Amino acid sequence: TLDRGLKLLDDEVSDLPEGAALSGEAAFKLYDTYGFPLDLTEDALRGKNMTVDTAGFETCMQQQKEAARAAWAGSGEAATDAVWFDLREKHGATDFLGYDNEQGEGLLKAIIVDGNPVTSAKEGDEVALIFNQSPFYGESGGQMGDAGIVSFEKGGAVAVSDTKKQLGDMHVHIGTVTNGTISEGEVGDLKVDGDRRSALKANHSATHLVHEALRRVLGEHVTQKGSLVHPDYLRFDFSHPKALSEQEIASVEEIVNDMIRQNEGVSTRLMTPDAAQEAGALALFGEKYGEEVRVVSMGLDKASSHGNYSVELCGGTHVTRTGDIGLFKITSESAVASGVRRIEAKTARGAMSYLNDQDALVKGLAGLLKSGVADLPARVEGLMKDRKSLEKQLSDAKRQLALGGGQGANSGPEAVEINGVKYLGQVLDGVSPKDLRGLADDAKKQLGSGVVALIAVNDGKAAVLVGVTDDLTDKISAVDLVRVGAATVGGKGGGGRPDMAQAGGPDGDGAADAIEAIRKALA
């Protein structure tokens with residue numbers, strides 16, 4: 001930063017005469033864009049007998065704060081939490097200690113209760129705490145925030161249930177005062193829930209491995225579209241036009257688990273974004289990068305240009321070695337939006353627990369079917385064939401019973417003759433609407449020549465079907481007749497062909513009237 005700032009400063013003052021003042025705008029650009037503090041700028045210029053327009057610098061600083069406040073205040077729900085902006089201006093960013101530590105001391109800078117800053121809080125109060133430094137990771141980049149305990153020097157204690165990151169760099173610890181009273185200015189001992197952090201680290205590192213595995217299995221068009229790192233599971237959204245096959249899912253799992261078994265160290269380097277991407281690092285969806293980024297590398301791959309399996313820009317917490325992930329198992333794959341798929345997976349103990357549950361489920365099914373686990377596929381296939389055969393037999397029996405009016409398959413319902421045309425109309429309770437077409441075909445065969453009207457009533461609703469034998473379709477339309485029946489049961493319209501048409505209505509109680517209305521229309 002110093003080398004870069006001095007070079008830029010030389011460029012700015014090269015055309016200024018000795019004794020002139022560097023503009024406030026230029027000094028602010030050095031500070032805001034390149035991280036070069038005002039006091040260093042003043043020190044560097046003092047040797048050149050030059051000064052800085054500090055008034056102009058302060059004006060630029062104020063303008064930036066006002067612009068930032070205006071932009072932030074318009075961002076939906078955040079507009080109701082202006083307290084965070086004021087606290088950030090007052091106390092600055094939180095120094096994060098959690099990459100190397102899960103415990104550390106911090107000076108309590110602010111206490112917020114019900115959205116308002118207070119100087120102290122008592123047992124039972126729901127609080128949000130801001131420290132000058134903290135090992136607690138604030139939710140960002142898809143990774144959930146840490147939980148844990150904060151103990152204070154005067155006996156107070158807070159159970160932290162979550163940690164949020166406000167305005168990009170201020171960690172807010174959300175929890176409940178569980179003991180005593182806490183006050184601004186106290187020093188707290190902040191201790192992260194180690195088991196929860198370990199689960200988060202395993203799941204976060206696994207997202208890096210699965211990202212690269214998807215690219216290798218599906219193609220380099222795969223890019224991350226979102227993620228969630230939860231203690232119990234990970235979720236990874238990515239660009240791909242179709243569902244993954246079972247073989248593709250298995251290949252992704254195999255690659256990730258191979259990297260886990262490598263048990264290679266996970267390394268982190270600090271670099272500029274440009275240098276990181278030149279080194280092959282992938283920038284992740286939704287992340288914002290400053291002048292310096294963390295580059296996380298894991299796994300060995302001699303075939304890659306950088307020698308690592310995965311290299312990504314990431315500010316989250318990660319395992320020390322890939323073997324710490326333990327095990328990786330995809331639990332589901334689904335569509336999120338057009339061209340975007342989602343994988344959910346588990347690692348470590350979560351993956352083992354999932355596999356044990358699946359094993360118990362399979363063994364339980366085998367027990368119910370009185371079959372060995374290896375014989376389950378054949379046993380289930382046989383049951384499905386038996387069921388299909390029974391369903392067909394049942395459907396045939398229902399059709400015969402319906403046409404027989406409950407008196408046997410061969411007696412048949414009685415038909416009446418209207419203007420020389422046979423008409424068979426019948427209300428069928430408990431018959432599925434999808435069976436009406438087959439029943440109508442059977443009835444038409446029995447009639448030889450004529451019109452059939454069948455109405456199935458289920459759950460108070462009526463399904464109406466009218467069939468006309470082929471010899472009569474030139475003068476009688478099934479579509480016209482079915483619309484008459486549909487209107488009687490509260491329906492509208494109806495469609496089909498002259499020989500077969502179907503409609504429906506909400507009033508099943510009017511089924512008998514509909515049969516009569518079709519008869520009158522035929523007459």
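The values are calculated or read from the model by the stated rules, or taken from the named source; none is laboratory data. Owing to the predicted nature of the structure, the values given are computational and were not obtained by experimental measurement. Cβ coordinates were reconstructed from backbone atoms using ideal geometry, including for glycine residues, and neighbour counts include every protein chain displayed. With ligands, DNA and RNA removed, areas are computed over all heavy atoms of the protein, side chains included. Shrake-Rupley method; radii C 1.70, N 1.55, O 1.52, S 1.80 Å.
Convex hull volume of the C-alpha atoms in segment 317-371, normalised per residue: 121 Å³.
Both radii are taken from the alpha-carbon atoms of segment 156-217; with Rh as the Kirkwood radius, Rg/Rh is 1.17. Between GLU254 and ASN419, the FRET efficiency estimated from the beta carbon spacing at R0 = 60 angstrom works out to 0.20.
How big is D, in µm² s⁻¹, for segment 118-192 by Stokes-Einstein at 25 °C and 0.890 mPa s if Rh is the Kirkwood radius over C-alpha pairs? All intermediate terms of the calculation are to be shown ahead of the outcome.
Values: Rh = 12.2 Å.
Taking Rh from Cα pairs, D becomes 201 µm²/s.
Think of segment 474-523 as having a plus end and a minus end, set by charges on the Cβ of Lys, Arg, Asp and Glu; of SER477, ALA501, THR488, SER477 sits farthest toward the positive end of this dipole.
Given N residues in segment 131-247, what is Rg(Cα) / (2.2 N^0.38 Å)?
Values: Rg = 18.6 Å, N = 117, 2.2 N^0.38 = 13.4 Å.
Its radius of gyration relative to the 2.2 N^0.38 Å reference: 1.38.
Site pair VAL340 and SER353 shows an inter-label distance of 2.9 nm when each label is modelled 7 Å from Cα along Cα→Cβ. Considering the options SER334, TRP84, VAL451, tell which one lies farthest towards the positive end of the dipole of the chain, charges being +1 on Lys and Arg and -1 on Asp and Glu at the Cβ, about the Cα centre. Value computed over the given set: VAL451.
Which percent of the accessible heavy-atom area of the chain goes to carbon and sulfur, probe 1.4 angstrom? Here it works out to 48 percent.
Taking all Cα pairs closer than 8 Å and separated by 6 or more residues, the relative contact order of segment 416-473 comes to 36 percent.
When you restrict to C-alpha pairs under 8 Å that are six or more residues apart and normalise by the size of the chain, the relative contact order lands at 7 percent. One compactness figure for segment 231-275 is 1.64, namely its Cα radius of gyration divided by 2.2 N^0.38 Å.
Can you tell me the length gained on complete extension of the stretch SER267 to LEU368, counting 0.36 nm per residue apart and subtracting the Cα distance?
Details: separation 101, 0.36 × 101 = 36.36 nm, distance 5.02 nm.
My answer for the length gained is 31.3 nm.
The base-10 log of I(q)/I(0) for segment 1-50, evaluated at q = 0.23 Å⁻¹, reads -0.78 [Debye formula, identical scatterers on Cα atoms, solvent excluded].
Counting each DSSP H run of 4 or more residues in the chain as -39500 (n - 2.57), what helix-only mean residue ellipticity at 222 nm follows after dividing by all residues, to the nearest 500 deg cm²/dmol?
On the way: 13 runs with 193 residues, N = 523.
Rounded to the nearest 500, it is -12000 deg cm²/dmol.
Stretching LYS445 away from HIS91 to a fully extended chain increases their span by 118.5 nm, per 0.36 nm per residue minus the current alpha-carbon distance.
Measure out, as a whole number of angstrom, how far apart the alpha-carbon centroids of segment 427-468 and segment 213-243 sit. What the calculation gives is 51 Å, centre to centre. Cross-link pairs exceeding 23 Å in C-alpha to C-alpha distance, out of LYS29/LYS65; LYS225/LYS302; LYS65/LYS90; LYS242/LYS388; LYS242/LYS385, comprise LYS225/LYS302; LYS242/LYS388; LYS242/LYS385. Counting only Cα atoms, segment 84-131 measures 33, 27, 13 Å along its principal axes, largest extent leading. Each Lys or Arg adds one and each Asp or Glu takes one away; over the other residues whose Cβ falls under 13 Å from the Cβ of GLY382, this sums to +2. Computed over the Cα atoms of the chain, the ratio of the radius of gyration to the Kirkwood radius (Rg/Rh) comes to 1.22. Between GLN393 and ASP100, the simple spin-label model (points 7 angstrom out along Cα→Cβ) gives 7.7 nm. Measuring how big segment 216-327 is from its alpha-carbon positions, Rg and Dmax come out at 14.5, 42 Å. Modelled this way, with points 7 Å down the Cα-to-C-beta line, the labels at THR119 and ALA55 are 3.8 nm from one another. Kirkwood radius, segment 282-395, all distinct C-alpha pairs, inverse of mean reciprocal distance: 19.2 Å. Each of SER151, VAL311, MET352 was placed along the dipole of the chain (beta-carbon charges, centred on the mean Cα), and the one lying farthest toward the positive end is MET352.
Beta carbons within 10 angstrom, averaged per residue: use that to sort the peptides 317-324, 506-513, highest first. Numbers along the way, then the final one.
Values: 317-324: 19.2, 506-513: 17.0.
Ranked by mean Cβ neighbours within 10 Å, highest first: 317-324, 506-513.
For the pair segment 469-514 / segment 377-394, the C-alpha centres are spaced 36 Å from each other. For the pair VAL83 and GLN247 in one chain, pulling the backbone fully straight at 0.36 nm per residue adds 53.9 nm over the alpha carbon distance. In the distance distribution for segment 425-517, Cα-Cα pairs more than 14 Å apart total 57 percent. Per residue, the chain exposes an accessible area of 51 Å² to a 1.4 Å probe, with every protein chain left in place.
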